[in-house]
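The values are calculated or read from the model by the stated rules, or taken from the named source; none is laboratory data. Because the structure is a prediction, the values reported are computed rather than measured. Please note: Cβ atoms are built from the backbone with ideal geometry, for glycine as well, and neighbour counts cover all protein chains shown. Surface areas here come from the heavy atoms of the whole protein model, side chains and all, with no ligands, DNA or RNA. Shrake-Rupley method; radii C 1.70, N 1.55, O 1.52, S 1.80 Å.
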Amino acid sequence: MSDINRQFMLARIPSGPLTQDCFRLERGAIPMPGDGEVLVKARYVSLDAANRAWMQGATYRDAIEAGTVMAGGVLGEVVQSRHGDFAPGDLVSGDCGWQDYAARPGKVLRKVTPTDPLSHLLSIYGITGLTAYFGLIEVGRPKAGETVVVSAAAGAVGNVVGQIAKVLGCRVVGIAGSDDKCRWLTDELGFDEAVNYKSGPLYKTLKAACPGGIDVYFDNVGGDVFETVLFQMNLLGRIACCGAVSAYDGTPPAHGPRGVPGLFVVKRLTVRGFIVSDFFEQRDEALEQLRAWVADGRLKVIEDVISGFEALPEALIGLLNGENRGKRMVKIC
Ligand code: NDP
């Protein structure tokens, strides 16, 4: 065990797009776990669009403060334990932050069963897969034959949403930020159509891709894309509000959804926000179903694994700029 703990501190809260100088690398001593705590050595750090939202203020969790270790989900190994439920060698997940070693209370960690490859515990069998599963099935409630649209479709949550919707017999249209991503969604992941929100008027391309309107919209991005989709929703449509990545990295968009309340009433829309943890009681059934779909080849697991602790800041900045396909994470060791 090395005796150095590398940590990325959030040096300052960005006022515009996230940049490398918002982070500071420090090297310190490995912490000692206190009573009820566990010392965790990071194996993989999860990169999530929400990491940037946490810098904006309190959400479903406290805001990240400048001068503290950058927060983030970690898959790690217990190296010392002063908590009865954990022993050295256990694999755990939890918010241990961007550091090699973290001493965390046992109650905020979750023991996980090793899977080959381990990275699947952060992608399809982690928050990403569960968010897609619960958001689509429990909130979007798609029926076979309906049209499902998902934004940030080539990203971690989005690609799984589209693939599950296909398994359920829906017509699936993805919205993504490049022609390459769109081609990949249709050619490799079996989406029926994909449209690039950065090229041409989205209203027109989406209309052409969804001639029968949209029954379920899984919204990962908010802002202008949300507004465009809204006006193409069918009667009794459902919108699963998962996140609003367009508003995370910089100043909020000048435009937002207009005419919303009236449309919601006239079209009897159900628009429901959710946090994946709302459904954690059903986690075991969801994981069983996801494992079955992966095993029979109906779900492809798309991961974007970057190596090396020092890559963390650039990896998050790149994710916010749309570099990733599928679940981005950094392999630490
Ligand atoms: P992704 O892997 O989807 O990465 C983010 C993607 O967003 C980028 O690849 C980029 O792709 C796209 N993007 C960036 N800026 C914009 C923009 N201005 N407009 C439209 N698209 C943009 O990230 P995650 O899977 O981590 O997160 C996806 C969403 O899911 C986020 O909103 C996140 O907050 C939410 N989430 C919610 C949870 C919940 O419990 N409610 C749990 C987990 C995630 P492109 O090239 O297409 O622009």
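Some values worked out for this structure:
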| read-out | value |
| --- | --- |
| Single residue of Val69, Val148 found to be in the same structural domain as Leu236 (by TED's automatic domain parsing), touching a strand residue (DSSP E or B) at 6+ places or on another chain (Cβ under 6 Å) and aliphatic (A, V, I, L, M) | Val148 |
| Any hit, region 44-53, residues being more than 16 Å from the ligand (Cβ to nearest atom) and either touching a helix residue (DSSP H, G or I) at 6+ places or on another chain (Cβ under 6 Å) or outside any loop (DSSP other than H, G, I, E, B) (or both) | no |
| Residues located in region 127-152, provided they are within 13 Å of the ligand (Cβ to nearest atom), surrounded by fewer than 24 Cβ atoms within 10 Å (Cβ to Cβ) and not aromatic (Phe, Trp, Tyr) | Ile127, Leu130, Glu138, Val139 |
| Only one of Tyr217, Tyr197 that is within 20 Å of the chain's Cα centre (by Cα) and either closer than 21 Å to Asn321 by Cβ or open to solvent by 20 Å² or more (accessible area, probe 1.4 Å) (or both) | Tyr197 |
| Every residue from region 321-333 that is closer than 21 Å to Gln99 by Cβ and either surrounded by fewer than 20 Cβ atoms within 10 Å (Cβ to Cβ) or free of Cβ contacts under 8 Å to residues at least 24 places away in the same chain (or both) | Lys331, Cys333 |
| Hits in region 208-225 - residues which are without any contact (Cβ under 8 Å) to a residue 40 or more places away in the chain and within 11 Å of the ligand (Cβ to nearest atom) | Gly222, Gly223, Asp224 |
| Qualifying positions in region 285-320 - in contact (Cβ under 8 Å) with a residue 24 or more places away in the chain, within 20 Å of Gly177 (Cα to Cα) and not aliphatic (A, V, I, L, M) | Glu303, Asp304, Glu314 |
| Among (1) more than 18 Å from the chain's Cα centre (by Cα); (2) surrounded by fewer than 16 Cβ atoms within 10 Å (Cβ to Cβ); (3) part of a strand (DSSP E or B) - the single one Gly297 does not satisfy | (3) |
| Residue match in region 80-103 (condition: polar (S, T, N, Q), within 16 Å of the ligand (Cβ to nearest atom) and open to solvent by 10 Å² or more (accessible area, probe 1.4 Å)) | yes |
| Residues of region 203-225 that turn out to be in contact with a helix residue (DSSP H, G or I) (Cβ under 8 Å, 6 or more places away or on another chain) and either of a type outside the set (Val, Ile, Thr) or on the phi > 0 side of the Ramachandran plot (or both), as a count | 9 |
| Selection count, region 229-250, where residues are more than 11 Å from the ligand (Cβ to nearest atom) and either assigned to a helix (DSSP H, G or I) or of a type in the set (A, V, I, L, M, F, W, C) (or both) | 7 |
| Helices (runs of 4 or more DSSP H) enclosed by region 115-207 - at least 1 residues per element that are over 27 Å from Gly73 (Cα atoms) and touching a residue at least 60 places away in the same chain (Cβ under 8 Å) | 156-167, 179-187 |
